[in-house]
């Protein structure tokens, strides 16, 4: 089964179209495209996509409605099809310096609609573009969330994020959000990532999540947390109040702790059972997402490059969760030169291509721990695969029972190309320092 998500962060839609064949060939099951709702077409900065001006228009610096239709059509031609997920921002609208800043899209944009009718009609998703969409009555006007208020759920829901106008859940706003999701679903999108979902009311979430037109779509949200207290306040209510999946920030925190200096890989043996990961069927797993490198407050969460490689072996080797792999075009390298080429050309990276091949081959197979220590973790996936991770600074040999494995059985390490034969009651495996192995039965 193919379920790995390729996150084409800030990719132009035509560039995704050109890469779709390679995305499919690499084993991905879906592609997450940047926010399609109308944002400044001249705005090259990635954050512009997260400041929508109008739900009724699909147009940005990255492309327009026709590009998206072409992208969906091409992705769906493959067998199995590559699913297309859209990144949707509904918590807020754009922060713009104008007199009518709480009127959207605003008089200046409405004038553009009138003066360039062909352009905007071509990119119209739904509705009457001769009229405005939102007015000041459609917004919570409770001021910005202050530093000391981030653990107050009510303030996080009803306050503004850095002056971004925060939409309320009035009948008019909910109606427009329903129309927008229904129109996107009719276009052929297979699912949606909901940005900043911890800032939404339960009523706003239910308004779109319970639509018949969305019932077959895959939904997942960004519930950004960084501590146990955060999880109690935001993750637990989210899991209770909705059926939507979410980024597995609890597991991400566990991974960071396990791979830290002095941390133990034993933390990764049964994280869900210890409340250190989301339930397997609600989790979107990751080792880096755009929040981390693109927000200075979270950059301390970045793993060291080799640890990131080892962590990918873990999330693509383990059972449960839908893995997401992040890709950009060096946008963060402008401020942080050390990021250069770190997440570019992801589709061609041999280690990730082979990890995805392993993931797809063992999908649904039982995960059983074969060996665990502070620096080493070895587990099998049914009798089809073995994952071995050594985060330590020295090579190691581990011995484990061959029960449940093919015996005798030939296995190939997809990452390095090595071969081995498993036989007998016990087997000893050599794992070099700072290395991951993914052995697939032949």
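Of all residues in segment 331-355, which are over 25 Å from residue 388 (Cβ atoms), out of contact with any helix residue (DSSP H, G or I) (no Cβ under 9 Å at 6 or more places or on another chain) and part of a helix (DSSP H, G or I)? Of everything in segment 331-355, those that are over 25 Å from residue 388 (Cβ atoms), out of contact with any helix residue (DSSP H, G or I) (no Cβ under 9 Å at 6 or more places or on another chain) and part of a helix (DSSP H, G or I) turn out to be 334, 337, 338. Within segment 146-164, can one find any residue that is loosely packed, with under 11 Cβ neighbours inside 10 Å and at positive phi? Scanning segment 146-164 turns up at least one residue that is loosely packed, with under 11 Cβ neighbours inside 10 Å and at positive phi. Please go through segment 270-286 and give me each residue that is in a loop (DSSP other than H, G, I, E, B) and more than 10 Å from the chain's Cα centre (by Cα), ordered by number. Within segment 270-286, 270, 271, 272, 273, 274, 275, 276, 277, 278, 279 qualify.
Scan 18, 81 and give me the residue that is in a loop (DSSP other than H, G, I, E, B), out of contact with any strand residue (DSSP E or B) (no Cβ under 8 Å at 6 or more places or on another chain) and either free of Cβ contacts under 8 Å to residues at least 40 places away in the same chain or assigned by TED's automatic domain parsing to the domain that holds residue 134 (or both).
81 is the lone residue from the list that is in a loop (DSSP other than H, G, I, E, B), out of contact with any strand residue (DSSP E or B) (no Cβ under 8 Å at 6 or more places or on another chain) and either free of Cβ contacts under 8 Å to residues at least 40 places away in the same chain or assigned by TED's automatic domain parsing to the domain that holds residue 134 (or both).
Restricting attention to segment 123-180, the residues that are farther than 21 Å from residue 48 by Cα and in a strand (DSSP E or B) total 1. Evaluated against (1) out of contact with any helix residue (DSSP H, G or I) (no Cβ under 9 Å at 6 or more places or on another chain); (2) in contact (Cβ under 8 Å) with a residue 60 or more places away in the chain; (3) not in a strand (DSSP E or B), residue 52 falls short on exactly one condition, (2). Restricting segment 63-78 to residues that are touching a residue at least 60 places away in the same chain (Cβ under 8 Å) and part of a helix (DSSP H, G or I), the residue that is surrounded by the most Cβ atoms within 10 Å (Cβ to Cβ) is 68.
Scanning segment 80-100 for residues that are over 23 Å from the mean Cα position of the chain (by Cα) and surrounded by fewer than 16 Cβ atoms within 10 Å (Cβ to Cβ), we see that the one that is farthest from residue 25 (Cα to Cα) is 99. Condition check: within 14 Å of residue 242 (Cβ to Cβ) and surrounded by fewer than 21 Cβ atoms within 10 Å (Cβ to Cβ). Does residue 169 satisfy that? Here the answer is no, as residue 169 does not meet what is asked. Can you confirm whether residue 234 is touching a residue at least 60 places away in the same chain (Cβ under 8 Å), within 17 Å of the chain's Cα centre (by Cα) and either assigned by TED's automatic domain parsing to the domain that holds residue 170 or not in a loop (DSSP other than H, G, I, E, B) (or both)? Spelling it out, it is not the case that residue 234 is touching a residue at least 60 places away in the same chain (Cβ under 8 Å), within 17 Å of the chain's Cα centre (by Cα) and either assigned by TED's automatic domain parsing to the domain that holds residue 170 or not in a loop (DSSP other than H, G, I, E, B) (or both).
Given the structure, is residue 272 assigned by TED's automatic domain parsing to the domain that holds residue 224, loosely packed, with under 14 Cβ neighbours inside 10 Å and within 22 Å of residue 360 (Cα to Cα)? Reasoning before the result, please.
Numbers: assigned by TED's automatic domain parsing to the domain that holds residue 224: yes; loosely packed, with under 14 Cβ neighbours inside 10 Å: no; within 22 Å of residue 360 (Cα to Cα): yes.
So residue 272 does not fit the description; no.
Quick one: is residue 131 surrounded by fewer than 20 Cβ atoms within 10 Å (Cβ to Cβ) and farther than 24 Å from residue 65 by Cβ? No; evaluated as a whole, the condition is false for this residue. In this structure, does residue 190 turn out to be in contact with a strand residue (DSSP E or B) (Cβ under 6 Å, 6 or more places away or on another chain) and in the same structural domain as residue 58 (by TED's automatic domain parsing)? Against the criterion (in contact with a strand residue (DSSP E or B) (Cβ under 6 Å, 6 or more places away or on another chain) and in the same structural domain as residue 58 (by TED's automatic domain parsing)), residue 190 qualifies. Residues that are surrounded by fewer than 19 Cβ atoms within 10 Å (Cβ to Cβ), outside any loop (DSSP other than H, G, I, E, B) and in contact (Cβ under 8 Å) with a residue 24 or more places away in the chain are absent from segment 373-395 altogether. Residues in segment 157-167: is at least one more than 23 Å from residue 47 (Cα to Cα), modelled with pLDDT of 95 or more, assigned by TED's automatic domain parsing to the domain that holds residue 56 and touching a helix residue (DSSP H, G or I) at 6+ places or on another chain (Cβ under 8 Å)? Checking segment 157-167: not a single residue is more than 23 Å from residue 47 (Cα to Cα), modelled with pLDDT of 95 or more, assigned by TED's automatic domain parsing to the domain that holds residue 56 and touching a helix residue (DSSP H, G or I) at 6+ places or on another chain (Cβ under 8 Å).
The values are calculated or read from the model by the stated rules, or taken from the named source; none is laboratory data. Treat the numbers as computed from the prediction; the structure is a model and nothing was measured. Every residue, glycine as well, gets a Cβ built from its backbone with ideal geometry; the counts of neighbours run over all protein chains shown.
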